[in-house]
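J.: Below is one structure. I have some questions about it.
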Amino acid sequence: MSDLLVRTGGEAGDGIASLGETVARCFARMGLHVFGLNAYQSVIRGGHVWFQARASEIRPFSQGDGADILYCLNRETFDIHRADLRPGATIVYDPEKFAIAPGDVPTGARLLPVPTLAIARKYTSQAILQNASGLGAMAYLAGIPLPVLHGALADSFGKKTGDVVTWNLGASADGYEFAKQHSGANDHAVAPKGEGKLLLTGNQAIALGAAAGGVKFLAQYPMTPASGIMHWMAAHSRDLGIVVKQAEDELAAINMAVGASFGGVRAMTATSGGGFSLMVEALGMAGMTETPVVVVESQRAGPSTGLPTKTEQGDLHLMIGAGQGEFPRAILAPSHPKEAYQSTIDAFRLAEEWQTPVLLASDLHLSENYATVDRDEINLNVPIARIATATAPGTGEYLRYAYTPTGVSPRSIPGQPGLQYVAGSDEHDQKGHLISDVRAGVPMWVAERAKMMEKRMRKLDGLRRAAPPPVVEGRPDADVTFVAWGSTVGAIRDAMPVLEAQGISTNLLFVRTVYPLRADIVSTTLESARTSLLVEANYSGQLGQLIRQETGILLPHRLLKYDGEPFYPHEIVAKVRELTGHGGQ
Amino acid sequence: MADSSASIPRASTGPALPVIGKSDTKPTWCPGCGDFSVLAAVEMALKRLQVPSHNVAVVSGIGCSSNLPHFLSSYGFHAIHGRALPVAEGIRWANHGLTVIATGGDGDGFGIGAGHFVHTMRRNVDLTYVTMDNQIYGLTTGQASPTSMMGQKTKSTPNGVIERPVDPIALALASGATYVARGFSGDVKHLADLIANGIQHRGFSFVDVFSPCVTYNKLNTFDFFRQRVYKLETSGHDPTNIGLAFQRAIEWGEKIPIGLFYKVDHPTYEDLEEVLSAGPLAHQNAGLVGREKLLDEFA
């Protein structure tokens, strides 16, 4: 794949994310596909953070390997990233800030010293303006036309006008011009390619999908990496007519969402594993009371507080097992913002149709990183079905929990006359009356309990058929079949053409709904696979364990990662080469 | 946007629709339990206000008293332990045309649910919270509760409680509740007045009720309270003065006040949440049909 990788690094507080996002935005406006990785730490100032914007005519699904342009705001950035540079890479830095001895420069790479501080001083004493001149130099090298850069920069200031905007435009133009004069032949530059694309994070895609799917109420407690969902929704609350409530804790958040859903609106909450652990009891309440609710679980590296700003897929078992007793649920696991948008719409539809909780499994890598989509890939024309399905019972009695072949019973919402019921977290009969106290253990009600259990669990069969099934990507008859879920799919998709070019054919079994698992499709695919490779960002291979449990198939070849970092395509390529006897690259 | 409003039934009012009453489920409380009086008082209050049963949602947590929603003809949500208030808030925000009442016990509200208690009050959500405070865990057969008195011997404190009890009234005052009252199961009519006034109050109304457990609490009995309670209404208390309200709140001994401690008018959460100014959320449109311009921010 012909792509360009632009990396910027410095300390937290240096404005790295905004620099990186601006570069990514420029590429998207040039009509290129982008993947943007925002690598940061759990500090507000200091430490080391970096952003990689990867642009290509063909959609990249991961941050890619290495860097072509590296802008170092400090010496540490150079030291950390120099080993990762691709042949021909250019290092942008300001010699006034730190020196780089010629002997330290990796073979094949070249230096472009830019007087970013001196340029900034032309306008202001505020050193932060150096970023704009460095950005200008990077933009020139990357082939970003100056008007595109200025458009993106100006937009990043929103409605702000005045000196700060003028200085930024001036300093970036100066940096741009400086690079033009001093960089010599520029072989990094990418060319614009048609209509501009949309750039959004996984969290933005989830929030947008929720709005399109009809959400009217979001309750959430701040927790990385899920907070971005609340931030987008809060910013659009008035415009879209969606109530956004920052709750006192995750217990309140999910209970508010369940209450709102009972009250007659589509409702959701979002959190990471720690917060989700607090939500577990209420998740079961939603299952027992048959109240739809969508819960986004954006995983980060655990256990416990773990690595708050680093990614992992360690919560699959938690999501499957969350809650005492058994109740139906579905867990959708999109891999890319484009899929996250659609999966969130699906989650609301499934929760509503099957009157039960639906989880959307994300992770830091999907939630917080950027990717492009074409406008026509975001379909806002989503029909919103009615919530109340019960109608006045006439002379008969309204049975909120009536036994039905699908397990789904007619649902009323408060305000509907004649259809009152009590939603109980205790076991109940068809009408909603408790069978947990004076009826418990009495033979007639013992049988009723079993029937009610079966009614609820029947919904799991329906969910299994209604949720997005696993798909096989790539050629049907391949040397190696990848097995993956969630954001890990991205690096696999990027490794596949690399392997193909090396004469190793691969395909991918992408398990889009991890629960309930379509054991039939998974079995058929894996039984016909020559060699399977399970790729997961966790220690135990949790999807592999689930597949073995559900199909009896053991996946002996595993590539597991639990260091907090996302997969890189080269890691997957290396593992497949080893597996297929091709040795090192 | 998609016009889904037509398919969502609207809360309707009218004299023809039945006002709240008892359901066909009989209470399962012990004979003589204080909670019978609370049920009667809630029903009396709603009847007096002529609220149709389909426009009421009664929410509870877990405990003996939390079975209450099952005994009324309204909508109900019998939630998990300690979470009645957030569920009630969610219902209220989904449809602020409903009358929402949360009920529960002292363990539910001041122990496991104490965090929600504080935060719901500071938000001034327009709902009524009635706690049946018996100073004991009844359904789990007699352990100490957050309001058990110092020294009380229970199954979990055989040598006596060594923590000071939560003072729900003072806590409510400190947390910003805008209607703070205390009733007694031994005086149903007075209690019904407090609840009815609480329902009519715009904002969070809190009615803590001395509702004795006749099985597990042999200390805080009906007689205990009959000998001690006096009414604030007949003792010259000024319920607009929060300082005086605090003074009354900490009275505990030979004399214990019941009645209205404090009442103040502040905007409710629903007043201040602009999205709700377009009407109950459940009646508003949903979805993004025709909102293509929204995507421009990602371009």
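We did not get these values from a lab; they are worked out from the coordinates using the rules stated. This one's a predicted model, so the numbers in the text were calculated from it and none came from an experiment. Cβ coordinates were reconstructed from backbone atoms using ideal geometry, including for glycine residues, and neighbour counts include every protein chain displayed.
J.: Placing +1 at every Lys and Arg Cβ and -1 at every Asp and Glu Cβ, with all other atoms neutral, what dipole size does the protein assembly as shown have around its Cα centre, in debye to the nearest 20?
T.: It comes to approximately 1260 debye.
J.: Quick one: Cα centre-to-centre distance for the range B:80-148 and the range A:1-66, in angstrom?
T.: 48
J.: Springs between alpha-carbon pairs under 10 angstrom, Gaussian network model over chain B: which of B:M121, B:M150, B:M132 fluctuates most?
T.: B:M150
J.: To continue, here is another question. List the lysines whose alpha-carbon lies under 27 Å from that of B:K26, not counting same-chain residues fewer than 8 positions away?
T.: A:K431, A:K451, A:K455, B:K47, B:K189, B:K218
J.: Using a Gaussian network model on chain B with a 10 Å cutoff between Cα atoms, which of B:Y179, B:Y75, B:Y262 fluctuates the most?
T.: B:Y75
J.: For the protein assembly as shown, which semi-axes, largest first and in whole Å, follow from the square roots of 5 times the eigenvalues of its Cα gyration tensor?
T.: Result for the protein assembly as shown: semi-axes of 56, 32, 24 Å.
J.: Treating the beta-carbon of each Lys and Arg as +1 and of each Asp and Glu as -1, no other charges, what is the dipole magnitude of the range A:152-294 about its Cα centre, to the nearest 20 debye?
T.: Using only the charged Cβ atoms, the result is roughly 340 debye.
J.: Hey, fewest Cβ within 10 Å first, where do A:V438, A:V511, A:V215, B:V275 land in order?
T.: Placing the least packed residue first, the sequence is A:V438, B:V275, A:V511, A:V215.
J.: For the range B:217-291 and the range A:522-573, what is the centre-to-centre distance using only Cα atoms, to the nearest Å?
T.: 56
J.: Net charge near B:G138, counting Lys/Arg +1 and Asp/Glu -1 over other residues with Cβ under 15 Å of its Cβ?
T.: Surrounding charge for B:G138 is -3.
J.: Another question about this same structure. Gain in length, A:K159 to A:L278, computed as 0.36 nm per residue apart minus the alpha-carbon separation, to one decimal in nm?
T.: Contour length minus Cα-Cα distance gives 38.8 nm.
J.: Treat the count of other C-beta atoms within 10 Å as a stand-in for reagent exposure and order A:Y568, A:Y176 from fewest to most.
T.: Ascending number of Cβ neighbours within 10 Å: A:Y568, A:Y176.
J.: I would also like to ask the following. Would you please give the residues with an amide H less than 5 Å from that of B:L72, counting only those at least 5 places away or on a separate chain, with H modeled from the backbone geometry?
T.: Distant-sequence amide H within range of B:L72: B:S23.
J.: Could you give the spread of the C-alpha atoms of the range B:19-298 along their three principal axes, from largest to smallest, in whole angstroms?
T.: So the extents along the principal axes, rounded to whole Å, are 68, 42, 40.
J.: Taking the number of other C-beta atoms within 10 Å as the exposure measure, put B:E292, A:E571, A:E290 in order starting with the fewest.
T.: Listed from fewest to most nearby Cβ atoms, that is B:E292, A:E571, A:E290.
J.: Go through the range A:518-585 and name the chymotrypsin sites (Phe, Trp or Tyr not before Pro) that are in a DSSP coil and have 14 or fewer other Cβ atoms within 10 Å of their Cβ.
T.: Sparse-neighbourhood loop chymotrypsin sites (Phe, Trp or Tyr not before Pro): A:Y539.
J.: Can I ask one more? Suppose only helical runs count, i.e. DSSP H with n ≥ 4. What mean residue ellipticity at 222 nm does that imply for chain A under -39500 (n - 2.57) per run, divided by all residues and rounded to the nearest 500 deg cm²/dmol?
T.: So the calculated ellipticity at 222 nm is -11500 deg cm²/dmol.
J.: Looking only at the range B:19-298, where both bridge partners belong to it, what percent of the DSSP beta bridges are antiparallel (to the nearest 5)?
T.: In the range B:19-298, approximately 20 percent of DSSP beta bridges are antiparallel ones.
J.: I've got another one for you. Under a GNM of chain B (C-alpha, springs under 10 Å), which listed residue has the highest mean-square fluctuation: B:P257, B:P146, B:P165?
T.: Per the Cα network of chain B with a 10 Å cutoff, B:P165 tops the list.
J.: May I pose another question? Any chance you could check the Cα centroid distance between the range A:418-463 and the range A:235-299 for me, in angstrom?
T.: 24
J.: Within the range A:1-57, which trypsin sites (Lys or Arg not before Pro) sit in a loop by DSSP and count at most 16 neighbouring Cβ atoms inside 10 Å?
T.: Here the trypsin sites (Lys or Arg not before Pro) that fit, given the DSSP loop and packing criteria, are A:R45.
J.: Need one number for the range B:164-289: average projected area of the convex hull over its C-alpha atoms, nm².
T.: Result: 11.0 nm².
J.: Summing +1 for each Lys or Arg and -1 for each Asp or Glu, what net charge is found among the other residues whose Cβ lies under 14 Å from the Cβ of A:A189?
T.: It works out to a net charge of -2.
J.: Tell me the relative contact order for the range B:158-261 as a rounded percent, counting alpha carbon contacts under 8 Å between residues six or more apart.
T.: 32
J.: With a sphere of radius 12 Å drawn around the Cβ of A:T372, what net charge do the other residues whose Cβ falls strictly inside it have (Lys, Arg +1; Asp, Glu -1)?
T.: +4
J.: Over the range B:19-298, what is the mean sequence separation of C-alpha contacts under 8 Å (at least six apart), divided by residue count, expressed as relative contact order in percent?
T.: 18
J.: Tell me which lysines have Cα within less than 25 Å of A:K310's Cα, excluding those fewer than 8 residues away on the same chain?
T.: Within the straight-line cut-off, A:K310 pairs with A:K338, A:K561, A:K575.
J.: For the range A:313-457, what does the relative contact order come out to in percent, with C-alpha contacts under 8 Å and a separation of six or more?
T.: Over the range A:313-457, the number comes to 19 percent.
J.: Choose one of A:S156, A:T90, A:V422: the residue whose Cα lies farthest towards the positive end of the charge dipole of the protein assembly as shown (beta-carbon charges +1 Lys, Arg; -1 Asp, Glu; about the Cα centre).
T.: Toward the positive end, the furthest listed residue is A:V422.
J.: Report the residues of the range A:558-579 in range of a label on A:E500: point 7 Å along Cα→C-beta, backbone N strictly under 18 Å from it.
T.: Answer for the range A:558-579: A:569-570, A:572-574, A:576-577.
J.: Taking 7 Å along the Cα-to-C-beta vector as the label spot, tell me the B:D24-B:T240 distance in nanometres, rounded to one decimal.
T.: Going by the 7 Å Cα→Cβ label model, 5.0 nm.
J.: Sticking with this one: Expressed as an acute angle from 0 to 90° and rounded to the nearest 10, what is the orientation of the C-alpha long axis of helix B:35-48 relative to the principal long axis of chain B?
T.: With rounding to tens, the tilt is 40 degrees.
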